[in-house]
Amino acid sequence: MPTPHMPPAHPFDDDKLREECGVFGVTGVQDAANFVALGLHALQHRGQEAGGIVSHDPEQGFNSARRFGYVRDNFTSQKIMETLPGPLAIGHVRYSTAGSKGQTAIRDVQPFFGEFSMGGAAIAHNGNITNANALRRELIERGSIFQSSSDSECIIHLMARSMGRSIPDRMEEALRKVEGAFSVVAMTRTKLIGVRDPLGVRPLVLGQLGDGWVLSSETCALDIIGADFVREIEPGEMVVISPDKGVESHFPFRRRKSRFCIFEHVYFSRPDSILGGRSVYETREAIGRELAKESPVEADLVCPVPDSGTPAAIGFSLESGIPYAMGIIRNQYMGRTFIEPTEQIRNMGVRLKLNVNRALIKDKRVILVDDSVVRGTTSRKIKEMILDAGAREVHFRIASPPTAWPCFYGVDTPQREKLLAATMSEEEMRDHLAVDSLKFISLDGLYRAVGEAGGRDPKQPQYCDACFSGEYPVEPADMLEQGFEMKAAE
Ligand code: SF4
């Protein structure tokens, strides 16, 4: 059930995987919290449920504000921003992390703060700790008192138990005990800290703003504050940024081959971000081209399912020579008007958000390009709308392989049995959606599109693709304990 504070972030859109968090931090500029608010606004697509900022000022110490709702509705208020002074600040936007899905309380909203003998520290975490239940049990048995239901709070308690002499040392020791995916942005009174897990599952980048430094989940949030993109934080890297020493980098974890989330390329990241040295937009266009090569079909129009299917639809059109058209128009002004929809409005579902451009569609054979099929509920409704508008044929082309497995690394996924591809073959899905044809890009095709010319290395995949392949790069220990069954080895 939704909390009284905030209903689900996308009342009409429960048919997408959802990134659960974005993190951002700035040091070395006046009123750093203002920059953090702008950065979080640019990362809002990574989490719309709640956001928080912690700042530090040499005279006023640490201050924090945590709120439900959009960044623009909270952190533009002068009254709030005046409470967050200082040259150093970090922030977090969230959907909801493990432990409290759909029941967020303000105590679950990050950044989390801890007071240690050597001073305070705040942390903001993007990802998911896969052994959090075991860690939490052990910490509680040893006397830790948890304030939230979030897996991320384990990091603060592990730091409290560490004998490290500095906060970065304690953080390092804490994170060595943590399994799963983490991109962490943290701060002490004087330092901004960024860490990525050894596999680098979730993104984190470093930027420069005048004499100051920035850490961000994505490069699009550097652009909004006019910061220059310096580089990605490497998998397993920790950077400690201080006014006297600048950026210090080291690698506290055992080096492993990286397994970045391939779905960031397909859907989660904004198309104006840079990932792995390539524009996300260009990668998505390449996915569309690859899809057109793999699964051509005779048709009159290529239409994106807006907005996330757009670059792939353009790529499909360019490769196939079939004209591109905006056959479906998105209502840009959904948002908060219907944020607590009545049952009647909820039943109107997709029609409130998307409308078919009838004049274009009538009597046409239409290829619809979407980024993914999760439950299939939206795809079905869109197909009905297109047929109602007089289309002769509907062909679905999907810019990711069938999503048949849940993600345990910081993405909200339905239980496995709710994933259409977990229970049906491609042909069965086509019949279920009642479309003329349905094709997904192959896993190899997706790898080629993201720049791996030789496709996926089956012995040592270059990315995390567990939601497609069922091959989890980090064993999801908590989920196994709860009875989740991994794919049997082939
Ligand atoms: S399981 Fe899927 S969504 Fe999750 S990290 Fe891996 S590729 Fe990304």
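Overview of results
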{"item": "Leu43 vs. criteria under 18 Å from His125 (Cβ atoms) and touching a helix residue (DSSP H, G or I) at 6+ places or on another chain (Cβ under 9 Å)", "result": "yes"}
{"item": "Residue match in region 373-385 (condition: near the ligand (Cβ under 10 Å from one of its atoms), in a loop (DSSP other than H, G, I, E, B) and in contact with a Lys or Arg (Cβ under 8 Å, 6 or more places away or on another chain))", "result": "no"}
{"item": "Residue identified as at pLDDT 95 or above, surrounded by fewer than 18 Cβ atoms within 10 Å (Cβ to Cβ), among the charged types (D, E, K, R) and in the same structural domain as Leu419 (by TED's automatic domain parsing) among Glu475, Glu452", "result": "Glu452"}
{"item": "Enumeration of residues in region 43-75 that are of a type in the set (A, V, I, L, M) and more than 14 Å from Ala89 (Cβ to Cβ)", "result": "Leu43, Ala50"}
{"item": "Test for Met424: is it free of Cβ contacts under 8 Å to residues at least 60 places away in the same chain, crowded, with 21+ Cβ neighbours inside 10 Å and more than 13 Å from the ligand (Cβ to nearest atom)", "result": "no"}
{"item": "Any hit, region 399-413, residues being away from the ligand (no atom under 16 Å from the Cβ) and of a type in the set (D, E, K, R)", "result": "no"}
{"item": "Among the residues listed as Ser148, Ser162, Ser152, the single one being farther than 25 Å from Leu199 by Cα and buried (at least 16 other Cβ atoms within 10 Å of the Cβ)", "result": "Ser148"}
{"item": "First in region 463-481 and closer than 15 Å to Cys261 by Cα, second anywhere and in a helix (DSSP H, G or I) and within 10 Å of the ligand (Cβ to nearest atom), Cβ under 7 Å, 6 or more apart", "result": "Tyr463/Ile262; Cys464/Ile262; Asp465/Ile262; Cys467/Phe263; Tyr472/Ala466; Pro473/Ala466"}
{"item": "Whichever residue in region 35-62 is acidic (Asp, Glu) and modelled with pLDDT of 95 or more and, among such residues, is surrounded by the fewest Cβ atoms within 10 Å (Cβ to Cβ)", "result": "Glu59"}
{"item": "Helices (runs of 4 or more DSSP H) enclosed by region 391-477 - at least 3 residues per element that are under 30 Å from Val178 (Cβ atoms)", "result": "443-449, 466-469"}
{"item": "Inter-residue pairs, beta-carbon under 7 Å, first at positive phi and in region 45-57, second part of a strand (DSSP E or B) and surrounded by fewer than 24 Cβ atoms within 10 Å (Cβ to Cβ), 6+ apart", "result": "none"}
{"item": "Count of region 192-217 residues which are in contact with a helix residue (DSSP H, G or I) (Cβ under 8 Å, 6 or more places away or on another chain), surrounded by 22 or more Cβ atoms within 10 Å (Cβ to Cβ) and within 18 Å of Ala32 (Cα to Cα)", "result": "6"}
{"item": "Failed criterion for Arg254 (all others in (1) surrounded by fewer than 23 Cβ atoms within 10 Å (Cβ to Cβ); (2) within 29 Å of Ala89 (Cα to Cα); (3) assigned by TED's automatic domain parsing to the domain that holds Gln44 hold)", "result": "(2)"}
{"item": "Filtered residues of region 292-319 (kept if touching a Pro at 6+ places or on another chain (Cβ under 7 Å) and surrounded by fewer than 22 Cβ atoms within 10 Å (Cβ to Cβ))", "result": "Leu301"}
{"item": "Ala299 being over 14 Å from the mean Cα position of the chain (by Cα) and in a helix (DSSP H, G or I)", "result": "no"}
{"item": "Qualifying residues in region 182-228 (those that are assigned to a loop (DSSP other than H, G, I, E, B) and charged (D, E, K, R)) - the one nearest to the ligand (Cβ to nearest atom)", "result": "Arg202"}
{"item": "From Gly51, Gly25, Gly91, residue being farther than 23 Å from Val239 by Cα and part of a strand (DSSP E or B)", "result": "Gly51"}
{"item": "Hey, Val185 buried (at least 18 other Cβ atoms within 10 Å of the Cβ) and within 18 Å of Leu88 (Cα to Cα) or not", "result": "yes"}
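The values are calculated or read from the model by the stated rules, or taken from the named source; none is laboratory data. No experiment lies behind these values; they were computed from the predicted model shown. No Cβ is skipped: glycine too gets one built from the backbone with ideal geometry, and neighbour counts run over all protein chains shown.
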